[in-house]
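Shown next, in structure tokens, is the structure this report addresses.
Laboratory data are not the source of any read-out in this text; all were calculated from the coordinates shown. No experiment lies behind these values; they were computed from the predicted model shown. Reconstructed Cβ throughout: ideal geometry from the backbone, glycine too, with neighbour counts over all protein chains shown.
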């Protein structure tokens, strides 16, 4: 299997998960969007990851910054995975 295929697949997975997190976060602005089937599916996918950050980062008044930190951490994790894969495969 080609290393380029491996890198592209992993990059795609991280990108899709990031997009799903952003959609889930934006759905909080629409009153009943999370009660839809799509919203419930996104909740099952996103909430375990976001919940981890909500344990440690309290909301600042009405603003919850934990999703921003979670997206930043996901970006760092993806970069770390690519660094490790680069060291292992090359």
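Descriptive notes on the structure:
- Peptides 27-36, 68-77, ordered by how many other C-beta atoms sit within 10 Å of their residues on average, highest first, read 68-77, 27-36.
- Between 0 and 90°, nearest 10: helix 37-56 axis offset from the chain longest Cα axis: 80
- Once the C-beta distance of residue 13 and residue 90 is scaled by a Förster radius of 25 Å, the resulting FRET efficiency is 0.75 to the nearest 0.05.
- Rounded to 0.05, the FRET efficiency of the residue 3 and residue 79 pair, given R0 = 25 Å and the Cβ-Cβ distance, is 0.90.
- Note on residue 55 and residue 34: the model spin-label points, each 7 Å out from Cα along the C-beta direction, lie 1.9 nm apart.
- Listed values (1) 15.6, 50; (2) 11.8, 31; (3) 14.7, 57, entry calculated as Rg and Dmax of the Cα atoms in Å: (1)
- Using the alpha carbons alone, the radius of gyration of the stretch 38-90 stands to its Kirkwood radius in an Rg to Rh ratio of 1.14.
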